Amino acid sequence: MKIAIISCYDQIDYIRALTLRTAFAAAKDVQTVVVKNKHKGLLRYAEVPLRILRCKFTERPDAWVIVFRGYEMLPFVLMIKGRAPLIFDEYINPAEYMYEHDWPIMTGLLGKAFLWWYRGLLRRCRFVLADTQAHAEYSTALTKLEPAKYLALPVGTEEALFYPQAATHKASKTFRVFYYGVMRRLYGLEYLLEAAVMLGKTHPNVEFTISDPRGDQTPAIEAAVAKGARIKIHAGWIPFETLPKRMIESDLNIGGPFGKTLQSQFVIATKTYQSLACAVPTMVAKNRTAKEGFVDRQNCLLVPQGDAKAIADAVGWAADHPEKLAGIGRAGRGLFESHFSEKVIVQKVQQLVGALERDERR
């Protein structure tokens, strides 16, 4: 079976696209054709449709996959695909995104009209992919489509880069906590900073390293430092290939997300997958994804969202019990392997391919 995999995103090789391309290529009896943009700006919205048309007539794929973030390509592919089935990686329901960011369009009749239109598009897809079961269930409730149309596929990570390297972790009198990422509302940086202030009084040996790639959170971080928090700011972006080293050098990584927003209820942060894969103890927020295998003080530190004191208590406990952390890190790696690894993603993709093959035989 020949499957064309489409992406149209300014982050051309975003991790979700990479893991899905890898998984479909690893599936039995599958040949993949990658259709992606070279341009990162608006020109990509003309470039990718032309590439899709070329693929349709030169490669003649048996099925199509649109990976995140390809919402804009969905109507076009549905229009030109013919009888070939389409798998759409919704990842995050666009209505959910608009609700999260208070878009006026989602109020009243406009919101109902959008959901009606979007539901019609999804009905014509053979499968719709989400990143977690919680996300799949939420999108099913929004679109009123049958649950069988949805499949949760974990994002995973680049396992050749993120893997256990315990020998590189050096003991230190300072308990090192690491957090990186763009400071979106769902991550709840304000709760982490409040917890850091608390720990400055109770656990002065705890030191946070927080990256601020855009520089927009530096004033808030400096205000926390003025109140007694021990925080080192990493200005600018951390090179992706150095992230595993930064994680493994730390005693505890912050996964989150701790913000009490709509979207934060359904996601597992990319940094959580990466840290678990490296077998480093990871702090995870207790949201609707907790049922995917997260167990407090066994394979992670699991804390409620929007609760600075809970974060401070968990970090303080970790700093007081360093002898337990290696075991938690190993168990976290075990959780990654059994729930979120490339092997698991390939198995789920193979189920999709099997369903498409059965459809062909009917």
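Tabulated values for the structure
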| item | result |
| --- | --- |
| Residue ID - nearest to Tyr163 (Cα to Cα), chosen from residues in region 232-245 that are in contact with a Pro (Cβ under 9 Å, 6 or more places away or on another chain) and in a strand (DSSP E or B) | His234 |
| Subset of region 320-360 [closer than 23 Å to Glu207 by Cβ, in contact with a helix residue (DSSP H, G or I) (Cβ under 8 Å, 6 or more places away or on another chain) and of a type in the set (A, V, I, L, M)] | Leu325, Ala326 |
| Test: Val155 is under 30 Å from His203 (Cα atoms), touching a residue at least 40 places away in the same chain (Cβ under 8 Å), crowded, with 20+ Cβ neighbours inside 10 Å and not acidic (Asp, Glu) | no |
| Scope region 22-45; condition assigned to a helix (DSSP H, G or I) and either among the polar types (S, T, N, Q) or within 19 Å of Lys81 (Cβ to Cβ) (or both); matching residues | Thr22, Phe24, Tyr45 |
| Residue pairs meeting the criteria (Cβ under 7 Å; at least 6 apart or on separate chains; first farther than 18 Å from Phe68 by Cα, in region 39-55; second among the basic types (Lys, Arg) and in a helix (DSSP H, G or I)) | none |
| Among (1) under 25 Å from Asp13 (Cα atoms); (2) of a type in the set (Gly, Ala, Ser); (3) at pLDDT 90 or above - the single one Ala235 does not satisfy | (3) |
| Flag if Thr261 is at pLDDT 95 or above and β-branched (Val, Ile, Thr) | no |
| Qualifying residue in region 48-58 (condition: surrounded by 18 or more Cβ atoms within 10 Å (Cβ to Cβ) and of a type in the set (Ser, Thr, Tyr)) | no |
| Unmet requirement for Leu276, which otherwise passes all of (1) modelled with pLDDT of 95 or more; (2) over 17 Å from the mean Cα position of the chain (by Cα) | (2) |
| All positions within region 244-267 that are touching a Cys at 6+ places or on another chain (Cβ under 9 Å) and of a type in the set (A, V, I, L, M) | Met247, Ile248 |
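The values are calculated or read from the model by the stated rules, or taken from the named source; none is laboratory data. What you see is a predicted model; the values in this text were computed from it and never measured. Neighbour counts run over all protein chains shown; Cβ positions are idealised from the backbone, glycine included.
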